[in-house]
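Student: Supplied in C-alpha cells, the structure appears directly below.
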Amino acid sequence: MLTDPSSDAELRNLALQDIEATTSQLPSLSSRLKNSLIPPHPFASLPCMVEIHPGAGGSEASLFAQSLLNMYTDLCARKRWPTTLASYTPDDSTHEAGLTDALLEVHHPGAYDVLRTEAGVHRVQRVPATEKKGRTHTSAVSVMVLPSLPDSGSSDAELDYDNPDSDYYVNPADVKSQAMRASGAGGQHVNKTESAIRLTHLPTNTVVAVQEERSQHKNREKAWRLLRAKIAQMRREAREEEIVRIRRSAMGGVARTGREDKIRTYNYSQRRVTDHRSGMDSSDLDGILGGGEGLEDLMDSVREWMSEEEVKGLIAEEEQRQRDSHK
C-alpha cells in the first residue's frame, strides 16, 4: 500500500501513523518480553543491606567510601525509603570524613532488586587535596548488597531457617559466638558492658560483628540476620557461578560481574561516570553522587544489561539442549 502510487493517500497516511506508533512501542515491548522470560530473583522482594568497605587507595578510598554511603542514603531519602545505619566505623586517620566500614539497612520491600546493581568494585579517579603535584590518584571501594532476611520467628514460609536444604539455613554448631565490649562512639556503655557480638561461620570463615544496640540480645539477633544474609548470598552466587560455567561452555563466554569486579568509574577531572557493564557514560557526576535521577538512570541501564545477558544465557542453554538431543 505504501509503495503503490494508486492507493488512497488518506489510507497511506493512516498506515504510516500506525507504523510509527507501533515502532515507538517496540523497545518497551521487547523489554517486557525479555523480562517475562527471566525468572524473578529469589531475593527480589526483600529489603536489603548495603555493606561498604574501602579498598586500595588509602585515605582517598575511605573518603570515597563515605561519598558512596552518602549517595545511597540520599537516594533512599529521595525515594522515601526508610533506612538505618546499622554499623559505621570512621577512619580516624583522615582529617576529613572517611570510613573503614559501614552497613546501611534499607527497609523498603523490593529494595534488594533495585540496589543489587551496585554490588562490585567502584573506582574513583581524582586529585587528592593533599596532592601537591596535581597527579590523579585511583582508589577503589567495595560494595556488597545483601538480602535483609526477616527474624527467625517470621511466618514467611519461603524463608525456612530450620531446613538444611534451604539457602537460609545456618547450623548453630558451625558458628562461633563471642561477646565483646563495644568500641568507638556509642555513649557510656562503651567498653563497660560486653554488649557487642561477633559471629564466625567456621566452614566459610565468614565473620560478622554488631555493636550498635545497648542490648547484647538485640545485637545477637542483628548479627544472626546479617550472617544468614551473607551465607544465603554466597550460596546463591555459587549456583550462579555454576550456571555461568555451563553457559560459557555453550556460548563461548558469558558476561557476569562478581563482587571483585570493577563495575563503575567516577572520574572527577572529567566530571564523568562510566558503568563498565552497560557501557553507559554520564556527565552528571554531582547528580549521581547526590543520589539523584542520574544514579537511577545508571542503575536502569545495568538492569537492562542484566536482562539481556540472562536472555542470551537462556538462548544458549536451549541451543545446547537442541544440539545434545541430536547427537
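Student: Sorted by average packing, counted as other Cβ atoms within 10 angstrom per residue and highest first, what order do 81-88, 172-179 take?
Tutor: 81-88, 172-179
Student: Residue 125 versus residue 307, label points 7 Å from Cα toward the beta carbon: distance in nm?
Tutor: Using points 7 Å along Cα→Cβ, the separation is 3.1 nm.
Student: Also: State, to one decimal in nm, how far the label point of residue 218 lies from the label point of residue 325, with both points 7 Å from Cα in the Cβ direction.
Tutor: 5.8
Student: DSSP loop (so not H, G, I, E, B), at most 16 other Cβ within 10 Å: list which trypsin sites (Lys or Arg not before Pro) in segment 76-128 pass both filters.
Tutor: In loop regions of segment 76-128 (DSSP not H, G, I, E or B), the sparsely surrounded trypsin sites (Lys or Arg not before Pro) are 79, 80.
Student: Give me the distance in nm between label points sitting 7 Å out from Cα along the Cα-to-Cβ direction at residue 96 and residue 261, one decimal.
Tutor: In this crude spin-label approximation the distance works out to 3.1 nm.
Student: Out of the GluC sites (Glu not before Pro) in segment 47-109, which ones are loop residues according to DSSP with at most 16 other C-beta atoms within 10 Å?
Tutor: Sites meeting the loop and neighbour criteria: 96.
Student: If you don't mind, another one. Between residue 268 and residue 78, what length comes free when the chain is fully extended (0.36 nm per residue of separation minus the Cα-Cα distance, one decimal in nm)?
Tutor: Separation in residues times 0.36 nm, less the Cα-Cα distance, equals 66.0 nm.
Student: Still on this model: Fewest Cβ neighbours within 10 Å first, please rank 23, 117 accordingly.
Tutor: So the residues, fewest neighbours to most, are 23, 117.
Student: Pull up all non-local amide H partners of residue 284: gap of 5 or more, or a different chain, and H-to-H distance under 5 Å with H placed in the peptide plane.
Tutor: For residue 284, the qualifying residues are 273.
Student: May I ask which of 222/312; 176/312; 79/176; 218/262; 132/262; 79/133 have a Cα-Cα span longer than 32 Å here?
Tutor: 222/312; 176/312; 79/176; 218/262; 79/133
We did not get these values from a lab; they are worked out from the coordinates using the rules stated. The shown structure was predicted, so the numbers you read here are calculated from the model rather than taken from an experiment. Neighbour counts are summed over all protein chains in view; Cβ atoms, including those assigned to glycine, are modelled from backbone coordinates with ideal geometry.
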